[in-house]
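One structure is given here, and the rest of the page talks about it.
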Amino acid sequence: MSEVLERINRSFDEPEDEHDEVREYTLFIGPNHPGIEGNFALKLSLEGDTIVRAKTDGGYLHRGFEKLMEERLFMQNIAIVCRICVPDPDPNEENYARAVEAIAGIEVPERAKWIRVLVLELSRIASHLFTFGGHAGTIGLYTMPNWSIADRDRILDLFEELTGGRVYHIYNMPGGVRRDFPDGFERRVHEVMDYIESRLPDYDDLFFNNAILRKRAEGIGVLTSDQAIRWGATGPNLRAVGIPADLRRDDTYEVYDKLEFDIPTLTGGDALDRLLVRRKEIEESIRIVRQVVDNIPSGKVWNKQPNPLKWRVPAGDAYVRTESSKGEYAYYMVSDGGQRPYRVHVRGASTTHGVHILENLLVGTRIEDASQVMFSLDACPPEVDR
Amino acid sequence: MTNEQDIINRIEAAYPDAVCKKKQERRVEACLPPDRLFDFAGRMQSHWNFPHLSAISCVDWINEGEFELVYHFWSYEEKILVSAKIRIPREEARFISITELWQPAKFFERDIHEMFGVVFEGNDDLEKYILTEWEGPPPMRKDFVTRDFANRFYHFKEYEAEWMGPQQNPQAADVQGGSNE
Amino acid sequence: MSEKLTQRTAWNRVLDKLSGRSLWMLHYCTGCGAIELPPTMTGRFDMERFGIHPMVTPRQADILLITGYLSVKTLKRVILTYEQMQSPKWVVGFGSCTINGGMYWNSYATVKSLDQYMPVELYIAGCMPRPEAIISSFNELIDRIGRGEANSWKDYYENYDFYRKNQEHVFGGPINTRTDVKSDKETFRIQSAGK
């Protein structure tokens, strides 16, 4: 008996050098994996269950948008730009319309600017609700997706009423928006906003104050404010480290300078704080939507543009940025005076979050927390792949 | 709080060969000789308080035989975006990497290398990211026409309803003989 | 067994009816259409009432829903996944881009028609189809399985050479999917048809 014990003890005392070649192993997660946001993959090098190196593997959703846009007319591109980011398509339309307007010097009617703000904020709320559902799904809280995604559908119904499309709207055009509010739309926006506001305490009880979420997300993937700046974090991920940077305020566009809203910040920088910042942003977005609906001026919504089949945009370039639900979303558009854009560079909000920051934040976390880091960064693969 | 003109004055004082102008509100453009860019980028970050590299864009000016690289820097305090433009020759394009200064540049440069074929010296990670199954030329170059490639390479849906009778489709024969190039 | 299957004994009819009421859909978001799946699965549209539920592993799944365009890189993974799935299995092409490329018809990165690479049971047209369309197509699929008509999966065994040739054309060389399709074919006693 004592011999056996001695042998077991000896096996623990043995130097680990013999096993060095098997200490580290590589694991490929995705693209078909429920803990991954969208069609994306991670190559993780692990020691035990701790990640020592992480590489992302994207490109599964590559459609070559930048090339397709060079081969289409300015008017045709309106229909395809919204497909670049699927959960939050409206910043694409907004960026595209504003880039063309900046190059061609097109004036936008005042009412259209207010409507654009409304559409962007509704899209932000919808996108955040979608992320909450996905995040909750990764930790097994399956009631949350059933609630939040069904509530998101109310916003999609508003979109359908306003634009005709549930997910893709093709609504912002250079020179304004495609159509005006239907009758009674303002009242229904108020109803939906009241409903979503009334649901937020329920979400708190179910999800944000849930012990499972707190234990899984607190202290995971901590980003310091220095790292956040150095690694190029933007949007809610930057505000979760205590930096109140928001393009709606700093690089203001449309009528955001006439609206009252706060920029919620938290200081923890971990997965939970990134999630809670988004939760607070919903409240601010509801505030903005209500102001827009109450104060919107009357007037026309679109300044007529020339025949789209013969439309030439003068030579020039513009860099336009929008605060999307995931961060800074930018387009760099170059026109050479032709009928088609010469070059459009899409800088998706997740280009930094989904590749560089994710790769760095995963190091040192455990494998089961990889999904927490990815979902809390809200890295959206189609923006990276384009 | 500085305005766009202060930034322009500051750049022109430090780099007499730079051509600057104000594009619109909060947008400044600076055209630089390529060899000054690394120095400029370092000064933007450490002296002039532009800590955020928003993006690096590449434009293929095929008629001039040049690639244009545009670096977009943003300052959280000044609230101004400076776009620094440089031009490099298109043939065997090489440029110096700024990953030492800006870590996010790693992916932007990798992406430009993949889509345009520009080599960035000093970037240690230029392997393929998106186009791992792709063997053709860098697709964002202007001399690559995606419509022709798609017509040649992919199988289009051929509609062969019985009531239409046998069809003579010249394109179908072309599709069958399509090669991987 | 195949002769008996075509004759559809009473036992087969019961079997088909039952298998149509318990479908597992592989949870693989191949394209942008995946954004309409969560609403279909969750509270508002709730496809579970038709007995369809997402499944995370290919070997236990019955339906492969191709949600939109397939880039060449994804196509390779989809073929691996498809061959891992156990027959009978059904592919549903979701959105215009699986039918003829949709708005990516001139893109260098996406394949244009899905049925060149794997047999497709149903297409749902639209960009993107609404949750009601997904549910209606699933009902159609359930009906076809119940009637014993959903046999597109056999086509992959019958015309394996045709599909493999198209796949290799896109990838520019032979691919090893690590699934022995030919021995599966013997298991199901399917004859080659030639296409």
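Where a number appears in this text, it was derived from the coordinates with a stated rule and is not lab data. It should be emphasised that the depicted structure is a prediction, and the values quoted were computed from it without experimental measurement. Neighbour counts are summed over all protein chains in view; Cβ atoms, including those assigned to glycine, are modelled from backbone coordinates with ideal geometry.
Points to keep in mind about this one:
- Residue-by-residue Karplus 3J(HN,Hα) for the stretch A:128-141, coefficients 6.51, -1.76, 1.60, Hz, glycine and proline x: 5, 4, 5, 5, 4, x, x, 4, 5, x, 6, 10, x, 8
- Summed side-chain charge close to B:L37 - residues other than B:L37 whose Cβ falls under 11 Å, Lys, Arg +1, Asp, Glu -1: +2
- Prolate/oblate/rounded label for the protein assembly as shown (Cα gyration tensor, a/c 1.5): rounded
- Those trypsin sites (Lys or Arg not before Pro) in the stretch A:274-347 that DSSP places in a loop and that have at most 10 other beta carbons within 10 Å: A:K304, A:K310
- Here the 3J(HN,Hα) profile of the stretch C:169-174, calculated from phi with Karplus coefficients 6.51, -1.76 and 1.60 at θ = phi - 60°, is 4, 6, 7, x, x, x Hz, Gly and Pro shown as x.
- Here is how the number arises for chain A: DSSP H runs of 4 or more residues each give -39500 (n - 2.57), the sum is divided by the residue count, and the result at 222 nm is -14000 deg cm²/dmol.
- Sites listed here are GluC sites (Glu not before Pro) in the stretch A:101-208 whose DSSP assignment is loop and whose Cβ has at most 10 other Cβ atoms within 10 Å: A:E107.
- Amide H contacts of B:K23 (H built 1.01 Å from N, under 5 Å, at least 5 apart or other chain): B:V28, B:E29
- Per-residue Cβ neighbour counts within 10 Å put A:H62, C:H169, C:H53 in the sequence C:H53, C:H169, A:H62, beginning with the fewest.
- Restricting attention to the stretch B:4-127, close to 75% of DSSP beta bridges with both partner residues there are antiparallel.
- Difference of contour (0.36 nm per residue) and Cα-Cα distance, A:E197 to A:V52: 48.0 nm
- Rg in Å to one decimal, and Dmax rounded to a whole Å, for the stretch C:68-195 via C-alpha atoms: 15.0, 41
- Helix-only [θ]222 nm of chain C, DSSP H runs n ≥ 4, -39500 (n - 2.57) each, per residue, nearest 500: -12500 deg cm²/dmol
- Rounded FRET efficiency, nearest 0.05, which uses the C-beta distance separating C:R49 from B:K21 and R0 of 41 Å: 0.05
- Residues whose amide H comes within less than 5 Å of that of A:M173, counting only those at least five positions distant or on another chain, are A:R178 (H built at 1.01 Å from N in the peptide plane).
- Amide N proximity, the stretch B:15-58 versus B:E77 label position 7 Å along Cα-to-Cβ, cut-off under 15 Å: B:44-52
- Comparing Cα centroids, the stretch B:19-41 and the stretch A:244-264 end up 26 angstrom apart.
- Cα extents of the stretch A:72-384 along the three principal axes, largest first (Å): 58, 42, 29
- FRET efficiency for A:E110 and C:K165, using Cβ-Cβ distance with R0 set to 56 Å, rounded to 0.05: 0.40
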